[in-house]
Amino acid sequence: MKDVNDLIEETNNRIQKRFRHLLKWANKNNIQYFRIFDRDIAAAPFIIDYLPQHWLVWVCDNNYEQINEQKLIHNISVKLNELNPANVILKFRKKDNVINQIYSKKDVALVVNEWGLKFHLNLTRYLDTGLFIDHRKTREYIAKQVKGKRVLNLFSYTGSFSCYCLKGRASFVTSVDVNPTYSQWHHQNCELNKFSKRNYSICTADVLQFLKSNKTKYDIIICDPPTFSQSKRKHVKRFHIQENASQLLELCQTSLKHNGALLFSTNYRKFKLDQSQAELGFHAKELTAQLCSKDFDGKWMSRSWLIQF
């Protein structure tokens, strides 16, 4: 294993180079929340995001002894404050630490701007912040397709795709997510951006059950499911994206208008669309490369396809 002091120097140099390079791009494009480091060096188990007045540092799985991990964290935090004095928030993405990181009693909340929209974030209470920044260009892409169209946003989370569609002048946006906390967060984002309630609805429901009973036809469906979910709510079954993909896509097809389009996305690294495509016979164009933002260039991000049946 690489000497810790050498790793600190190498990591800090990389962080400084990336931050200075990306800050120019972010300022030019009015981006307030972006990624500067994602395990760029194999031995450095960190994901680092920049936000207004905050650094967000995820500590990922690693084999370091606690004393060396703490030394890495301390020295990287010092470097981040040299680059831009701000509050450094630590989060842990470790398989044996998932339960402990879900909830923090102290909220660190803020609002960020993106594409002329505003979004509420919470940096401490949950594993994720409320906005998936690897989908930044995907949101912009779909917003330019929806003018005058009826849109269905599935697994809508806190509603960022829906807000983009409303700004893109969709005629109506229906959003579905099983989690009532996310539905409330979604409402707050819509209110923050002053969208009229006449143009959207937010439904707290299991997506598969919603699609089975849905009678409305949509021009565009956005579907960005989790890799895995398991709810304690009654009648909500265990979900895995690979196992349930064909069922999910077939149900989406029944809710699409003739010549409608489905924007489908997943962050599951092992996901294969081929089997579902063979079963259902749809046309799929992968958009991942063209929707890659500069801060994710060469890094892992969610994959996206435009699907037409």
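Worth a mention:
- Magnitude of the charge dipole, region 4-101, Cβ model with Lys/Arg +1 and Asp/Glu -1, debye to 20: 460
- Residue-span extension gain [Val236 to Asn84] - 0.36 nm each, minus C-alpha spacing: 50.2 nm
- Label-point gap, in nm, between Thr227 and His21 - each point 7 angstrom along Cα→Cβ: 2.6
- Of the residues Asn12, Pro85, Leu51, the one whose Cα sits farthest towards the positive end of the charge dipole of the chain is Leu51 (charges of +1 on Lys and Arg Cβ, -1 on Asp and Glu Cβ, taken about the Cα centre).
- Under 5 Å, built H, 5+ apart or other chain: amide partners of Thr124: Val108
- Gyration tensor verdict on region 182-309 (Cα atoms; rounded if a/c is under 1.5, prolate if a/b is larger than b/c, oblate otherwise): rounded
- In order along region 7-21, the Karplus-derived 3J(HN,Hα) couplings, from 6.51 cos²θ - 1.76 cosθ + 1.60 at θ = phi - 60°, round to 5, 4, 5, 5, 5, 4, 5, 5, 4, 4, 5, 5, 5, 5, 5 Hz, and Gly and Pro are given as x.
- For Gln32 and Lys270, the FRET efficiency from 1/(1 + (r/R0)^6), where r spans their Cβ atoms and R0 equals 25 Å, is about 0.15.
- Each Lys or Arg adds one and each Asp or Glu subtracts one; over the other residues with Cβ under 10 Å from the Cβ of Thr227, this totals +2.
- In a simple Cβ point-charge model (Lys, Arg +1; Asp, Glu -1; nothing else charged), the chain has a dipole of about 1140 debye relative to its Cα centre.
- Globularity ratio of the chain, using Cα Rg and 2.2 N^0.38 Å: 1.04
- Listed by chain and number, the lysines whose alpha-carbon sits under 24 Å from that of Lys2, ignoring those within fewer than 8 places in the same chain, are Lys17, Lys71, Lys79, Lys91, Lys94, Lys95, Lys299.
- Calculated [222 nm] ellipticity per residue, helices only, for the chain: -10500 deg cm²/dmol; basis is -39500 (n - 2.57) per DSSP H run with n ≥ 4, divided by all residues, nearest 500.
- Of the residues Gln188, Thr288, Ala205, the one whose Cα sits farthest toward the positive end of the charge dipole of region 132-308, with +1 on the Cβ of Lys and Arg and -1 on the Cβ of Asp and Glu, is Gln188.
- Under 5 Å from the amide H of Tyr200 lie the amide H atoms of Val173, each residue being 5 or more positions distant or on a separate chain, with H modelled from the backbone and absent for Pro and chain starts.
Every number in this text was worked out from the coordinates using simple rules, so none of it is lab data. Keep in mind it's a predicted model, so treat the numbers as computed, not measured. Using ideal geometry, Cβ is built from the backbone for each residue, glycine included, and neighbour counts are taken over all protein chains shown.
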